[in-house]
Amino acid sequence: MKIQFYLRYHTRFGESLHVCVNQGAPQPLNYLNDELWEGAFEIDPKKNKTLHWSYVFQAADGSQTAEWENNRQIDLSACHQNSLQICDTWNPASAVENVFYTQPFQVGISPASGGQKKAKGSVLFRVKAPTLRPDEVVCLTGHGAGLRNWDNAAPFLLEKNGDWWSIRLDLSAEHFPLGYKYGIWNTRTHRFLGFEEGINRTLLIPPQAGNQISALVHDGFLRVPSNTWRAAGVSIPVFSLRSEKSWGIGEFTDLPLLADWAKSVGMKMIQLLPINDTTSTHTWTDSYPYAPVSVFALHPIYLNLEQLAGKKHAALLKPLEPKRKQLNSLESVDYESVLQLKWDVIRKLYDLLKTDWQKDDHWLRYYAENKHWLDDYALFCWLRDTNGTPEFNLWPKHAKYDAKALKKLLEPSSLYYDQIALHLFVQWHLHLQLKSAVDYVHALGIALKGDLPIGIYRHSVDAWVAPELYNMNTQAGAPPDPFAEKGQNWGFPTYNWAKMKEDGFAWWKQRFEQLSHYFDAFRIDHILGFFRIWSIPLDAVEGILGVFSPALPLTETELREAGVGFSFDRLCKPYITEHILHEIFGNEAAWVAQHCLKPRSDGRFDLIPAFSSQQKTEAYFKSIAPDTRNASLKQGLFDLIANVVLLGDEVPKGQPWQGAFRFDMEKTSSFRDLPHEVKEPLKQLYVNYFYRRQDDFWKNEAMEKLPALKRASNMLICGEDLGLVPACVPGVMRELGLLSLEIQRMPKAPGSEFFHPKDAPYLSVVTPGTHDMSVLRGWWEEDRNLTQRFYNNVLNQQGDAPYFCEPWVVQLMLAQHLHAPAMWAVFQLQDLLGMDGALRRENPHDERINIPANPKHYWQYRMHLSLEQLLKADSFKAMVAGMVRESGRN
């Protein structure tokens, strides 16, 4: 059987196209013209009942890109026995329409089924139209009697079959080429609503006669505006939820109540922070949700004890009711008390239930599907608690992961089996409770959006099991910005991307798959990390001493050619003079010089070994009494250590040096004291290093990872593209159809003070703020001058701005976001409540979730209202619902 492929795609000289048939290797197509390629192949229909195919683009440099379409197939038994011609249209990942085939748009929708009844005709037309309303279908008409001569009063109506709208027609009596067009037909009014945009489509080659398919036409997408669908969502961490039956923290079982409220106000998405287990020390410091001890495991603190106990063991909980009420009455989460109480109960319930749960067929299926991470997680938790630390390098036994040796511990005959299986039991019940909540949310037509932390915790099961996947000698973070002037140090190891690539990024694909069990969309925390990560040496505390990795290095040759010259001692070592000591330490300068430094013959000072790094300095001040003076001295020494122009290791004499610029170089006194003729070329090299030379390199880094990872899941992917964004990032995100994040307070355009939601791209999420920022009312009070400019220039209000952010002001700001052209507008619940003077919290600063500049921040924010109270707040619900409806977002 001859298969003749025609592919419509614009190419340039040196580019080529290939076809992959039934998962075979790419085969080259032949160039016909700049818009059309073709190729003929033989296939045995007896050995191949179904034909699957896809296309690959090859650039002039040899790099390849697969098209995004993954649903090209046909049953060969319905086709002409001798030949089949296939006319296709390339589907780029950047096509907006592809977004509508991701999971959020399948929520509450029954899969389309069937096909055409008594279908006749040798030409099969297929087209996608994801944005039609429920009472609309695709129609087709065109030139000739076989296409009803452009009669839009009686066009052919296509039927939905899976993702495609399709129809079979007999065109054997027509004269070719044939012009035709698709349109939209309203099935309720039985009226033609209009043709698609653009020029007529053309069918060039006559088909065979008869009722077997001899020509298949894949026409891509219906050419209608695809940027009109818009929706709204609410954002809140699970731990922040409060219900009347809570145990002092939100639980998965609270999500249905939140979904009921979201449904009542016309919202179609609930966005959560990470829900992975972060239990490291069993203290409040584990409240940080971006340091998971397993990227797969759910956090035990979200387990509902009533559901776990059931009616059979409900009596076990009755004595704890006063404690539950006391914890639930607190304004914020008492993380340690809640966690300890829950584990006390969980252990008792495990002893009562352990004889039954492992016989459950549903458990056995879950275990088989999750065994690749579940066993190791349970073992890690047991070893962490047994040894009193998650730092596996300190464990006397099993510090190095050995699957064979550890397997024996998981056998039921093992002395420690129950202590280990306890963690399997907890994960199983967390899964059941979360899955039940997800099903409820989906039944209301609401999608769930999760959060994918960019890093892993250094002392996690992931690092223990496969340390080769991570650079354990570095720390990930972020460079300085207006929210954290010293940068951020998250403490996570960075990724060994070269090692991860060896198995096709299997670990990442498993992460995505696990996330898709519960979520329809997800936010990639710090998507910039897929382009480059801010890598900080282990001996540093502050992010200021980091460098971008990977990156094209700054070289000694460049410095010399630019007229800067190179002196490792002057540019790379902390520059310390008497004057600088007095600038930083004032009256304490003499003490620092005596105890922390040694004088040099040239009038400068060097740090003594005990203070030669930030980590050593941190360790010293931890060993003495903390007070204001010592905190000031420590920060001053941190600043001295970071007082360099360049970062990089010293090399043996005769070998060329290479390294990087220290970020914010011009703010250092080391740079300030350089001669003018050196500073100017350094500035030019600095700008080139950070803002020009890396772009193509970083783009290639991202395109090596992100396309493969996007294909691993059908979730809608949203990137958190904030901070110092390389120029290549927006283009890559558009090319891959990834949604950007747009925040009014964090404009991406250089020189802009604010971003206006009306300027948001369609494939984006607009939001007034994130968990890392003050809520709107808190931000309003932080800088009066900034607030005044915002009030006059962005809100277009006259006169003086109100001192406090009044409800009507919040309403104005949220309305701007609701009316934005962005696909999604997502609001923190705190900001929504800010519109209601009676409901909102008195002090807005109590509503902030995180302060990025503080690495030891306690994540303990809780709603001050219960979800039940929120559901009864009819006037507030009516206001929100009215705003959503008026903006066209429902």
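The values are calculated or read from the model by the stated rules, or taken from the named source; none is laboratory data. Keep in mind the model is a prediction, meaning the values are calculated, not measured. Virtual Cβ from ideal backbone geometry, glycine too; neighbours counted across all protein chains shown. Calculation scope for accessible area: heavy atoms of the full protein, side chains included, ligands and nucleic acids excluded. Shrake-Rupley method; radii C 1.70, N 1.55, O 1.52, S 1.80 Å.
The rows are residues; the columns are (1) at pLDDT below 95; (2) out of contact with any Leu (no Cβ under 6 Å at 6 or more places or on another chain); (3) of a type in the set (Val, Ile, Thr).
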{"site": "ASP664", "(1), (2), (3)": "no, yes, no"}
{"site": "THR668", "(1), (2), (3)": "no, yes, yes"}
{"site": "TRP698", "(1), (2), (3)": "no, yes, no"}
{"site": "ALA702", "(1), (2), (3)": "no, yes, no"}
{"site": "ARG711", "(1), (2), (3)": "yes, yes, no"}
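Does GLN427 satisfy the criteria of being in a helix (DSSP H, G or I), out of contact with any Ser or Thr (no Cβ under 6 Å at 6 or more places or on another chain) and open to solvent by 20 Å² or more (accessible area, probe 1.4 Å)?
Details: in a helix (DSSP H, G or I): yes; out of contact with any Ser or Thr (no Cβ under 6 Å at 6 or more places or on another chain): yes; open to solvent by 20 Å² or more (accessible area, probe 1.4 Å): no.
Against the criterion (in a helix (DSSP H, G or I), out of contact with any Ser or Thr (no Cβ under 6 Å at 6 or more places or on another chain) and open to solvent by 20 Å² or more (accessible area, probe 1.4 Å)), GLN427 does not qualify.
For the range 495-512, give me each residue that is within 21 Å of ASN370 (Cβ to Cβ) and open to solvent by 40 Å² or more (accessible area, probe 1.4 Å).
Answer for the range 495-512, where residues must be within 21 Å of ASN370 (Cβ to Cβ) and open to solvent by 40 Å² or more (accessible area, probe 1.4 Å): ASP503, LYS509, GLN510.
Of all residues in the range 800-826, count the ones that are out of contact with any Ser or Thr (no Cβ under 8 Å at 6 or more places or on another chain), open to solvent by less than 30 Å² (accessible area, probe 1.4 Å) and in a loop (DSSP other than H, G, I, E, B). Even if it seems obvious, please write down each step before you answer.
Restricting attention to the range 800-826, the residues satisfying the condition of being out of contact with any Ser or Thr (no Cβ under 8 Å at 6 or more places or on another chain) are 800, 802-814, 816, 820-821.
Applying the additional criterion that residues be open to solvent by less than 30 Å² (accessible area, probe 1.4 Å) yields 802, 805, 809-810, 813-814, 820.
When the remaining residues are screened for being in a loop (DSSP other than H, G, I, E, B), the result is 802, 805, 820.
Within the range 800-826, residues that are out of contact with any Ser or Thr (no Cβ under 8 Å at 6 or more places or on another chain), open to solvent by less than 30 Å² (accessible area, probe 1.4 Å) and in a loop (DSSP other than H, G, I, E, B) number 3.
Restricting to the range 872-890, what's the tally of residues that are open to solvent by less than 40 Å² (accessible area, probe 1.4 Å) and either part of a loop (DSSP other than H, G, I, E, B) or hydrophobic (A, V, I, L, M, F, W, C) (or both)?
8
Can you confirm whether TRP284 is at pLDDT 95 or above, under 23 Å from LEU430 (Cβ atoms) and open to solvent by 40 Å² or more (accessible area, probe 1.4 Å)? Explain how you work it out, then say what you get.
Details: at pLDDT 95 or above: yes; under 23 Å from LEU430 (Cβ atoms): yes; open to solvent by 40 Å² or more (accessible area, probe 1.4 Å): yes.
Spelling it out, TRP284 is indeed at pLDDT 95 or above, under 23 Å from LEU430 (Cβ atoms) and open to solvent by 40 Å² or more (accessible area, probe 1.4 Å).
Among the numbered conditions (1) open to solvent by 30 Å² or more (accessible area, probe 1.4 Å); (2) part of a helix (DSSP H, G or I); (3) under 22 Å from TRP534 (Cα atoms), tell me where LEU724 comes up short.
For LEU724, the exception is condition (2).
Going through ASP351, ASP356, ASP360, ASP277 one at a time, which residue ends up being in contact with a Phe, Trp or Tyr (Cβ under 9 Å, 6 or more places away or on another chain), on the phi < 0 side of the Ramachandran plot and open to solvent by 10 Å² or more (accessible area, probe 1.4 Å)? Walk me through how you get there before you give the answer.
Working: ASP351 fails: in contact with a Phe, Trp or Tyr (Cβ under 9 Å, 6 or more places away or on another chain); ASP356 fails: in contact with a Phe, Trp or Tyr (Cβ under 9 Å, 6 or more places away or on another chain); ASP277 fails: open to solvent by 10 Å² or more (accessible area, probe 1.4 Å).
Selected residue: ASP360, the only one of ASP351, ASP356, ASP360, ASP277 that is in contact with a Phe, Trp or Tyr (Cβ under 9 Å, 6 or more places away or on another chain), on the phi < 0 side of the Ramachandran plot and open to solvent by 10 Å² or more (accessible area, probe 1.4 Å).
Is there a residue in the range 447-462 that is under 17 Å from GLN514 (Cβ atoms), surrounded by 21 or more Cβ atoms within 10 Å (Cβ to Cβ) and hydroxyl-bearing (Ser, Thr, Tyr)?
yes
If you scan the range 363-382, which residues turn out to be within 17 Å of TRP343 (Cα to Cα) and open to solvent by 10 Å² or more (accessible area, probe 1.4 Å)?
Result: TRP382, single match.
Pull up the range 842-871, narrow it to residues that are in a loop (DSSP other than H, G, I, E, B) and either in contact with a Pro (Cβ under 8 Å, 6 or more places away or on another chain) or of a type in the set (A, V, I, L, M) (or both), then point me to the one that is nearest to SER264 (Cα to Cα). Quick ask: steps written out before the conclusion?
So in the range 842-871, the residues in a loop (DSSP other than H, G, I, E, B) come out as 842-843, 848-866.
Now narrow it down to the ones that are either in contact with a Pro (Cβ under 8 Å, 6 or more places away or on another chain) or of a type in the set (A, V, I, L, M) (or both): 849, 851, 853, 859, 861, 863, 865.
Working: ILE849: 25, ILE851: 32, ALA853: 37, TRP859: 29, TYR861: 24, MET863: 19, LEU865: 17 Å.
In this case the residue turns out to be LEU865.
Output the number of residues of the range 175-197 satisfying the condition of being open to solvent by 50 Å² or more (accessible area, probe 1.4 Å) and at pLDDT 95 or above.
The qualifying residues number 8.
Here are some residues: GLN797, GLN830. Which one is farther than 14 Å from ALA232 by Cβ, open to solvent by less than 10 Å² (accessible area, probe 1.4 Å) and touching a helix residue (DSSP H, G or I) at 6+ places or on another chain (Cβ under 7 Å)?
Working: GLN797 fails: open to solvent by less than 10 Å² (accessible area, probe 1.4 Å).
Just a single option satisfies the conditions, and that option is GLN830.
Which residues, taken from the range 383-424, are among the basic types (Lys, Arg) and surrounded by 17 or more Cβ atoms within 10 Å (Cβ to Cβ)? Working first, answer last.
Kept after step one, since they are among the basic types (Lys, Arg), are these residues of the range 383-424: 384, 397, 400, 404, 407-408.
Within the range 383-424, just ARG384 meets the criteria.
Among the listed residues GLN594, GLN614, GLN655, identify the single one that is among the polar types (S, T, N, Q), exposed (fewer than 15 other Cβ atoms within 10 Å of the Cβ) and modelled with pLDDT of 95 or more.
Answer to the check: GLN594.
What are the residue pairs meeting all of these: first residue in the range 24-43, first residue farther than 26 Å from GLN81 by Cβ and open to solvent by 80 Å² or more (accessible area, probe 1.4 Å), second residue of a type in the set (Lys, Arg) and assigned to a strand (DSSP E or B), Cβ atoms under 9 Å, and 6 or more apart or on different chains?
GLU35/ARG8
Return the residues of the range 53-72 that are open to solvent by less than 80 Å² (accessible area, probe 1.4 Å) and either over 30 Å from GLU701 (Cβ atoms) or not small (Gly, Ala, Ser) (or both); say none if nothing qualifies.
Scanning the range 53-72 gives TRP53, TYR55, VAL56, PHE57, GLN58, THR65, GLU67, TRP68, GLU69, ASN71, ARG72.
Can you name the residue in the range 666-698 that is part of a loop (DSSP other than H, G, I, E, B) and among the charged types (D, E, K, R) and is also nearest to THR557 (Cα to Cα) among such residues? Talk me through it step by step, then tell me what you get.
Here is the first cut: in the range 666-698, the ones part of a loop (DSSP other than H, G, I, E, B) are 668, 673-675, 692-694.
Still in the running and among the charged types (D, E, K, R): 673, 692-693.
On the way: ASP673: 23, ARG692: 18, ARG693: 16 Å.
So, considering only residues that are part of a loop (DSSP other than H, G, I, E, B) and among the charged types (D, E, K, R), the one nearest to THR557 (Cα to Cα) is ARG693.
So, in the range 22-31, exactly how many residues are at pLDDT below 95 and either farther than 13 Å from VAL56 by Cβ or of a type in the set (A, V, I, L, M) (or both)?
2
Take the range 840-850 and flag every residue that is in contact (Cβ under 8 Å) with a residue 24 or more places away in the chain and open to solvent by 70 Å² or more (accessible area, probe 1.4 Å). It would help to see each step written out before you state the result.
To start, the set of residues in the range 840-850 that are in contact (Cβ under 8 Å) with a residue 24 or more places away in the chain comprises 840, 844-850.
Within the range 840-850, HIS845, ASP846 qualify.
Out of the helices (runs of 4 or more DSSP H) lying entirely within the range 536-617, which hold 2 or more residues that are closer than 19 Å to PHE661 by Cα?
Details: elements: 556-561, 568-571, 578-585, 589-596.
It comes to 556-561, 568-571.
If I ask for residues that are closer than 18 Å to LEU204 by Cα, touching a Gly at 6+ places or on another chain (Cβ under 7 Å) and open to solvent by 50 Å² or more (accessible area, probe 1.4 Å), which ones from the range 151-174 would you list?
Within the range 151-174, ASP170, ALA173 qualify.
Every residue in the range 513-531 that is outside any helix (DSSP H, G or I), open to solvent by 30 Å² or more (accessible area, probe 1.4 Å) and touching a Phe, Trp or Tyr at 6+ places or on another chain (Cβ under 9 Å), please. It would help to see each step written out before you state the result.
Restricting attention to the range 513-531, the residues satisfying the condition of being outside any helix (DSSP H, G or I) are 517-526, 531.
So of that shortlist, the ones also open to solvent by 30 Å² or more (accessible area, probe 1.4 Å) come out as 517.
Scanning the range 513-531 gives no hits.
Exactly one of (1) of a type outside the set (S, T, N, Q); (2) open to solvent by 20 Å² or more (accessible area, probe 1.4 Å); (3) more than 17 Å from the chain's Cα centre (by Cα) is unmet by LEU763. Its number?
Going through the list (1) of a type outside the set (S, T, N, Q); (2) open to solvent by 20 Å² or more (accessible area, probe 1.4 Å); (3) more than 17 Å from the chain's Cα centre (by Cα), LEU763 breaks only (3).
Filtering the range 731-753 down to residues that are surrounded by fewer than 16 Cβ atoms within 10 Å (Cβ to Cβ) and not acidic (Asp, Glu), which residue is nearest to ASN70 (Cα to Cα)?
Initially, the range 731-753 is screened for residues surrounded by fewer than 16 Cβ atoms within 10 Å (Cβ to Cβ), giving 731, 734, 747, 749-753.
After this cut, where a residue has to be not acidic (Asp, Glu) as well, the list is 731, 734, 747, 749-752.
Values: GLY731: 23, ARG734: 19, PRO747: 36, ALA749: 36, PRO750: 39, GLY751: 42, SER752: 41 Å.
Only one residue tops the list, namely ARG734.
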